[in-house]
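First comes the structure, then the notes that go with it.
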Amino acid sequence: MSFALPDGLPPGRVSVARPPVTAEHANLLALEHVLSSADNIVDDPPTPFPDYAADLAGRDSWSFWWD
């Protein structure tokens with residue numbers, strides 16, 4: 001389960017209590033991020049999917065933005 005952090009933090013910052021720990025879960029989370037079409041995921045610059053997914057493993061927060 002994820003939730004938005006309180007006001008005063010950067011827009012689109014998300015934190016989770018249980019970060020992905022397996023490659024399978026990180027891949028599913030990365031797919032959700034890509035499907036969100038957030039500019040920092042698909043455009044700024046585009047990161048190869050396997051690299052992006054691997055970077056999510058163990059992370060408990062990330063940011064999104066749309067222009």
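The values are calculated or read from the model by the stated rules, or taken from the named source; none is laboratory data. The shown structure was predicted, so the numbers you read here are calculated from the model rather than taken from an experiment. Here Cβ is always computed from backbone atoms with ideal geometry, including for glycine, and neighbour counts include all displayed protein chains. Each accessible area value is taken on the protein alone, full model and side chains, heavy atoms only, with ligands, DNA and RNA left out. Shrake-Rupley method; radii C 1.70, N 1.55, O 1.52, S 1.80 Å.
Anything in segment 55-64 that is surrounded by 14 or more Cβ atoms within 10 Å (Cβ to Cβ) and within 16 Å of E24 (Cβ to Cβ)? List them, or say none.
The answer is L56, A57.
Counting only residues that are aliphatic (A, V, I, L, M), open to solvent by less than 40 Å² (accessible area, probe 1.4 Å) and outside any loop (DSSP other than H, G, I, E, B), which one in segment 25-47 is farthest from F64 (Cα to Cα)?
Result: A26.
Out of the residues in segment 1-24 that are under 13 Å from D60 (Cβ atoms), at pLDDT below 75 and more than 12 Å from the chain's Cα centre (by Cα), which is surrounded by the most Cβ atoms within 10 Å (Cβ to Cβ)?
Step one: of segment 1-24, the residues under 13 Å from D60 (Cβ atoms) are 1-3, 5, 13-21.
From the residues that got through so far, the ones that are at pLDDT below 75 too are 1-3, 5.
From what is left, the residues that are more than 12 Å from the chain's Cα centre (by Cα) are 1, 3, 5.
On the way: M1: 5, F3: 9, L5: 12.
Applying the filter and picking the extreme gives L5.
For G58, all conditions in the list (1) modelled with pLDDT of 90 or more; (2) assigned to a strand (DSSP E or B) hold save one; what is the number of the exception?
Every listed condition holds for G58 apart from (2).
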